[in-house]
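Enquirer: Take a look at the following structure, please.
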Amino acid sequence: MGVPQLTHEQRVENLQKAAAQRMQRAAFRDELKEGTVTLAEALARADDPIIGRLPVRLLIESLPRCGKAKAAKIMDEIGISPRRRVQGLGVRQRAQLLKILG
């Protein structure tokens, strides 16, 4: 099965939709950074397509006082793959994240 052939209009529409989702994810990350949204609230809303598709690494890095090194260390301790997205976290992984960062 090959790649579907899209019309120019469909391609433009898909690009606009993807850009809007990236902007929404960036706005959500800013809310995390500012403390408007807590980690517990973010994990509770994992079914939201914007939050659910956010990589866990970026979620942790968006928290105050968490950078790339700390995010990598925490994910390694818990056993979360670097490519895992929020919607793919298990119950135990969520609980451990909240215990460490919550």
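Enquirer: If Q10 satisfies all but one of (1) part of a helix (DSSP H, G or I); (2) within 20 Å of R92 (Cα to Cα), what's the number of the condition it fails?
Expert: The single condition Q10 does not satisfy is (2).
Enquirer: Only one of (1) at positive phi; (2) in contact (Cβ under 8 Å) with a residue 24 or more places away in the chain is not met by G79, so which one is it?
Expert: G79 satisfies all of (1) at positive phi; (2) in contact (Cβ under 8 Å) with a residue 24 or more places away in the chain except (2).
Enquirer: Something else now. Return only the number of the condition from (1) free of Cβ contacts under 8 Å to residues at least 24 places away in the same chain; (2) farther than 21 Å from R84 by Cα; (3) not hydrophobic (A, V, I, L, M, F, W, C) that R45 does not satisfy.
Expert: The failed condition is (2).
Enquirer: Just a yes or no: is a residue in region 25-48 closer than 26 Å to R92 by Cα, part of a loop (DSSP other than H, G, I, E, B), hydroxyl-bearing (S, T, Y) and at pLDDT below 95?
Expert: Looking for residues that are closer than 26 Å to R92 by Cα, part of a loop (DSSP other than H, G, I, E, B), hydroxyl-bearing (S, T, Y) and at pLDDT below 95, one finds at least one in region 25-48, hence yes.
Enquirer: Out of R22, R57, R11, I need the residue that is in contact with a helix residue (DSSP H, G or I) (Cβ under 7 Å, 6 or more places away or on another chain) and not aliphatic (A, V, I, L, M). Which one?
Expert: R57
Enquirer: So which residues in region 67-90 are of a type in the set (A, V, I, L, M, F, W, C) and surrounded by 11 or more Cβ atoms within 10 Å (Cβ to Cβ)? Give the derivation first.
Expert: Start the filter on region 67-90 by keeping residues that are of a type in the set (A, V, I, L, M, F, W, C), which leaves 69, 71-72, 74-75, 78, 80, 86, 89.
Matches in region 67-90: A71, A72, I74, M75, I78, I80, V86, L89.
Enquirer: Now for a different question. For I50, only one of the following conditions fails: (1) touching a helix residue (DSSP H, G or I) at 6+ places or on another chain (Cβ under 8 Å); (2) of a type in the set (V, I, T); (3) exposed (fewer than 12 other Cβ atoms within 10 Å of the Cβ). What is its number?
Expert: Going through (1) touching a helix residue (DSSP H, G or I) at 6+ places or on another chain (Cβ under 8 Å); (2) of a type in the set (V, I, T); (3) exposed (fewer than 12 other Cβ atoms within 10 Å of the Cβ) one by one, I50 breaks only (3).
The values are calculated or read from the model by the stated rules, or taken from the named source; none is laboratory data. Just so you know, these numbers come straight off a predicted model, no measurement behind them. FYI the Cβ positions are ideal-geometry reconstructions off the backbone, even for glycines, and counts take in every protein chain you see.
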